[in-house]
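*Asks:* My questions all concern the structure below.
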Amino acid sequence: MPVYAPDSVTFPSAAPHGFLIDMDGVIYRGSELIPGADRFIGDLLDLDLPFLFLTNNSQRNRRDVVTKLHRLGIEVSESHIFTCAMATARFLAAQKPGGTAYVIGEGGLLHALHENGYSIVDHDPDYVVVGEGRTVNYEMVEAAIRMVMDGAKLIATNLDPHCPTQHGLRPGCGAIVAMLETATGRQAFSVGKPSAVMMRAARKEIGLDASRTSMIGDTMATDILGAVQLGYRAILVLSGGTRREDLTAYAYRPDMVVDSIADLSAADLAGIATAGNAAATVSTRPRGS
Ligand SMILES: [Mg+2]
């Protein structure tokens, strides 16, 4: 019986366990570090475990995010950052190389599109791309609606309905997209969490197997749903927008629930202490008990 086993293919016996980590509500709230987040990330760096920060905020580019994290005492590099703006731009570049986009969004999205060979135009685009931001005005919405009716495809970086701020909520990308969808009768394609496009691209970016990937997030509808759909270990932290009693409203559940990232052990989760048997050693450790 023929066996396909070329010499160039190797099968590592101990593939690394790695982490996809949401930021807002997990690492910081607004401009404040969540206590213990710096220790957890420091442990990942010390243990040389692969990880990637995964954000549905398309406003900032990688360098902006790194600067924000540095100011909070988290010393990571640009290679640790993966935004939905990057995921969207790479997706469009793969679908239609060298295309054109009309953008409702900010610097992070514009930068990512340019980096991936896209031109930003104000008429007759291939795509209308909508991201987070506060620069949208009625004229832009009107222009975008006409373009979609003329055949441009409607793309959303994400569909989060709102964004947390120090002063409460403001409308998110999903709210702007809903206005365009209602006016045009067309449905947007969304690339950010929980879309498999972004969830899978992030895992592959740092070379992880699905079965050895943990997603840490604070939002059921994005972080946890995406992880459940992709077969990653889903870890919900209650330091952001979700309370423990909210879980009953969802048909899917995270694998672990902890009060904060401070309650997690990177070594335990990666199975390092017990020779790869992570599932048997993981336990939730309620804060203060
Ligand atoms: Mg979050």
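*Asks:* Which three extents, in whole angstrom, do the alpha-carbon atoms of segment 153-234 cover along their principal axes, largest first?
*Replies:* Projected onto its principal axes, the Cα set of segment 153-234 covers 42, 34, 18 Å.
*Asks:* With both bridge residues required to lie in the chain, what share of the DSSP beta bridges run antiparallel, to the nearest 5%?
*Replies:* Values: 6 of 36 bridges.
In the chain, DSSP labels about 15 percent of beta bridges as antiparallel.
*Asks:* How high is the relative contact order of segment 91-190? Use alpha-carbon pairs under 8 Å, at least six apart in sequence, and give a whole percent. Intermediate results must be reported in sequence, preceding the final value.
*Replies:* Values: 168 pairs, mean separation 23.3, N = 100.
In percent, rounded to a whole number, it is 23.
*Asks:* What is the spin-label model distance, in nm, from TYR138 to ASP64 if the labels are put 7 Å beyond Cα along the C-beta direction?
*Replies:* Between TYR138 and ASP64, the simple spin-label model gives 2.7 nm.
*Asks:* Hey, how many Å between the Cα centroid of segment 154-175 and the Cα centroid of segment 96-141?
*Replies:* Segment 154-175 and segment 96-141 have Cα centres spaced 17 Å from each other.
*Asks:* Report the residues of segment 105-131 in range of a label on ARG170: point 7 Å along Cα→C-beta, backbone N strictly under 19 Å from it.
*Replies:* Hits in segment 105-131 for ARG170 at 19 Å: 105-111, 130-131.
*Asks:* Which aspartates and glutamates have a Cα less than 17 Å from the Cα of LYS96, not counting those fewer than 8 places away in the same chain?
*Replies:* Once the sequence-local aspartates and glutamates are set aside, what remains near LYS96 is GLU115, ASP124, ASP126.
*Asks:* Among ARG63, ARG200, rank each residue by its count of other Cβ atoms within 10 Å, from fewest to most, as a rough exposure measure.
*Replies:* On the way: ARG63 12, ARG200 17.
Least to most surrounded, the residues fall as ARG63, ARG200.
*Asks:* Using a 10 Å cut-off on Cβ atoms, rank the peptides 159-172, 229-242 from the highest mean neighbour count down.
*Replies:* Packing proxy ranking, top to bottom: 229-242, 159-172.
*Asks:* With labels modelled as points extended 7 Å from the Cα through the Cβ direction, what inter-label distance (nm, one decimal) is found for ALA251 paired with GLU78?
*Replies:* Once both label points are built, they end up 4.2 nm from each other.
*Asks:* Given the rule -39500 (n - 2.57) for each run of at least 4 DSSP H residues, summed and divided by the residues of the chain, what is its mean residue ellipticity at 222 nm, to the nearest 500 deg cm²/dmol?
*Replies:* Numbers: 10 runs with 90 residues, N = 289.
One gets -9000 deg cm²/dmol as the mean residue ellipticity at 222 nm.
*Asks:* Could you tell me whether segment 91-190 comes out rounded, prolate or oblate from its Cα gyration tensor? Rule is a ≥ b ≥ c as square roots of the eigenvalues, rounded for a/c under 1.5, then prolate if a/b exceeds b/c, otherwise oblate.
*Replies:* Working: a/c = 1.83, a/b = 1.31, b/c = 1.40.
Oblate, since a/c reaches 1.5 and b/c is not below a/b.
*Asks:* Another question about this same structure. Starting from 0.36 nm per residue, how many nanometres of slack lie between ALA183 and SER119 once their C-alpha separation is accounted for? Don't jump to the answer; show the numbers that get you there.
*Replies:* On the way: separation 64, 0.36 × 64 = 23.04 nm, distance 2.56 nm.
Length gained between ALA183 and SER119: 20.5 nm.
*Asks:* Then there's this: Mind telling me which of PRO125, PRO50, PRO97 comes out most flexible in a GNM of the chain, alpha-carbon contacts under 10 Å?
*Replies:* Maximum fluctuation in the GNM of the chain, among the listed residues, is at PRO97.
Throughout, read-outs are computed from the coordinates displayed, never taken from laboratory work. Model, not experiment: these values are computed from the prediction. Note that we place each Cβ from the backbone using ideal geometry, even for glycine, and neighbour counts take in every protein chain shown.
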